[in-house]
C-alpha cells in the first residue's frame, strides 16, 4: 500500500468549473481576446534571449558539472511543486545543452519559445516539421521535476513508444525516468509505467485507465476512508490495484485532434451483455428496412446524419411489424429498430466509417483514417451494421463507465499542448479548456507554393484530373502525397494510378501497420503516397538534395475537409523547415462537404459548373459550407458539454467513476 500522501495524490481529482453562460461567457471571450493581444509572445521572446545568454559557455562544462547544476534546479522545482518562474530561463539553458549532448539535438529559438509557452499553460501553434516532439520534451523535464504525474499524450501507440525511447537519454541526464503505456501493456506493467516521472501514452489509454481505476475504487475514493479500509480489510486492498498515480500535468501533442476533433465522442468502458432478442431483431429489421424507399418512407438529413420517418413510412412499418420478434412489434420499438437499420444502410458506409476485417466490423476514425480496435457503436447500431454486411451479429455491450474527453482534460490542474493548426480553433480552446493560443513562427521562412484550386462538376472528372496531375508531377521526379477523406476514395484512386502504370504506397485504415515507414519515405524522389486524411501525423517527411532541387514534395488534397485546420495540416506536409514544396486542392459538386452543407437549391444552380466555369460562385458556396461545418462541429462540442453538465448536476452519486 502507498504511503498516505501518495494515496492522497493518487485519488484526489480536481473538479472542473462549470463553463460560464450568458454575460459570463461573453466576458470570458473578451478576456481571451485581451489575452491574445497582451504581448505574451514579446515577453516570451525576451526570455528566449535570456536563455541564450545563459547558455553561453555551457559547452565548456563537464558532464559532471552540468548534471550538478541540473540537479540544483531539479531540487528547487521539486520543493516548490514546479512553480519557480525565476529559474526557468537558467533551467532551459542547461536542458538545451543536455539535449545536444544526449540526443544530438540543440533546440532552435522557436522551440524554446514553444516550450516557454507550454510551461505557462498555453497551446503552441508550431508548423509541421518544426520539432514539436523536442519542444514537448523540454516542457516535460520542467514538469517532471515537480515529481507530480506528467503525461505526454500522442495520437497513437507507435509515437508514444518512439518518443519515450528517443528522449530517455535526455530525461536520465536530467535525473528523470520516462516510460510509455500502449494498448498491449498488462496492468502490472501499466502501473510501473505510470510510476515514471514522465509517461508517454495516448488520450484513449489514459482515460480508459482512469475510468478503470475509478471502478476499482468501488465508490470509496476518499483517501482517509480508504486508509482505514485497507487497515481493516487488507485482502480487499490487495485486489484494488490502481495503475495511475494521479492527474496533474498533461502535455498534448496534436492538440487540435485530441482536444477538439476526438472530444465529441465519449470514451465508454463496456462489458458484453447477452441479448439474443436484439440479435434476432437486427436481422429482421434489415429485411423490413429493405422494403422502405427513400423519399417516400423516410428522408435522409446528411448535415445532422439523421433518418426521419415519414407518416407513410410509419404506416408501412406498422404493416410489416409482424416480421419482427414479438417484443419489438410496438409502434415505438419497431420504428426505432427500423430507423437504426436504415441509418446503418444510408449513413454508415463501408470504406468510410468502417471496414470489415476477419469477418468483424472495425470502426474507422474519420479524423485520422485509423482503425479503432475493440471499439463498437452503441444502442444496437453496431449490430445493425453487422446484419447489413451479412456478418454474424455479436452480443451488444453494456456501459459500466463513460466520460467525455473534454471533461477528462478539464480535470488536470495543468494542461498545455502543441499542434500545427490551432488558430482557427482558438475560441473553443479558450472557452472549454482556458488554453490561450501562442503562434510560434517558423525557424526558416516558408516558401510553399499553393496552386490554384481546381474545380469540377463531377467526381469522375475530378479523379481523372487528380490522376493526371499525379502522373505529371511524378514525371518531374518529385514525390507526391495525395490526401483522401476515406478508405473508399483511396482505393478508387489506387485503381486509377495502377491503370496508368504508376507505383505507389497506399496508407489507410486497412494498411496502418507500416504507417510511420510509409510517411517517412514519402519525400523520396518520384515516390507516390496515398494517405487517408491525416494518417502519419507526427512523422517527418525529409527531402534529399535531389528532391529539393526538383521542387520538393507536392501535396494534393482531393477534397475539402469539414475543418480548415485539417486542410492546412495536410498542406503543411510540404515545404517544411524552409524546403521547397507545393500544394493544390481538387474539389467538385459531389464532394461530401458540398452535399452535406450546401442547400439543394444552391447545388442545383451550380450544377452546370465544369472546369473554371462559374468558379467564383462555386468557391464562395464551398467556403460557406466549410464555415457551416465548423459551426456544426462546435455545436457538437457544446452538446457534449451540456451532457457533462447534466451528469454533474443530476448524477452526483456517480462522480466517483466519472459519470458511469
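FYI, it's all coordinate maths here, none of it is from the lab. Bear in mind that the values here come from a model prediction, so they are computed numbers and not experimental data. Quick reminder, even Gly has a Cβ in these numbers, built from the backbone with ideal geometry, and neighbours come from all protein chains shown.
Cβ-Cβ distance of residue 394 and residue 301, R₀ of 41 Å, FRET efficiency by 1/(1 + (r/R0)^6): the value works out to about 0.90.
In this simple spin-label approximation, residue 635 and residue 517 carry label points 7 Å from Cα along the Cα→Cβ vector, and these lie 4.6 nm apart.
Of (i) 19; (ii) 35; (iii) 15, which one was derived for percent of Cα pairs over 50 Å apart from the structure shown? Read-out taken from this structure: (iii). Taking the average, over residues, of other Cβ atoms within 10 Å as the packing measure, peptides 629-635, 583-589, 276-282 rank 583-589, 276-282, 629-635 from highest down. Using the Cα gyration tensor of region 449-626, with a ≥ b ≥ c the square roots of its eigenvalues, what is the shape: rounded (a/c below 1.5), prolate (a/b larger than b/c) or oblate (neither)? Prolate shape, in that a/c is at least 1.5 and a/b is the bigger ratio.
Classify region 8-58 from the C-alpha gyration tensor, please: rounded if a/c falls under 1.5, else prolate or oblate depending on whether a/b exceeds b/c.
Judged from the Cα gyration tensor, region 8-58 comes out oblate (a/c at least 1.5, b/c at or above a/b).
Between residue 42 and residue 447, the distance separating the two model label sites (each 7 Å from Cα on the Cα→Cβ line) works out to 3.2 nm.
Ignoring everything except DSSP H segments at least 4 long, calculate the 222 nm mean residue ellipticity for the chain; use -39,500 (n - 2.57) per segment, divide by total residues, nearest 500.
Details: 26 runs with 310 residues, N = 660.
So the calculated ellipticity at 222 nm is -14500 deg cm²/dmol.
Counting only DSSP beta bridges with both residues in the chain, tell me the antiparallel percent, nearest 5. Once the DSSP bridges in the chain are tallied, antiparallel ones form about 25 percent.
Distance between the 7 Å Cα→Cβ label points at residue 68 and residue 314: 8.4 nm.
First check a/c for region 79-206, with a ≥ b ≥ c the square roots of the eigenvalues of its C-alpha gyration tensor; if it is under 1.5, answer rounded, and if not, answer prolate when a/b is larger than b/c or oblate otherwise. Prolate shape, in that a/c is at least 1.5 and a/b is the bigger ratio.
Before anything else, pin down the relative contact order of region 274-395: Cα pairs under 8 Å, at least 6 apart, normalised by residue count, whole percent.
Relative CO of region 274-395 lands at 26 percent.
Full extension of the chain between residue 31 and residue 379 yields a length gain of 121.2 nm, computed as 0.36 nm times the residue separation minus the alpha carbon distance.
I need the calculated FRET efficiency for the pair residue 21 and residue 188, taking r as the beta carbon distance and R₀ as 35 Å, to the nearest 0.05. E between residue 21 and residue 188, to the nearest 0.05, is 0.20. Pairs of Cα atoms nearer than 8 Å and 6+ residues apart set the relative contact order; for the chain it is 15 percent.
DSSP assigns beta bridges within region 274-395; of those with both partners inside it, close to 85 percent run antiparallel.
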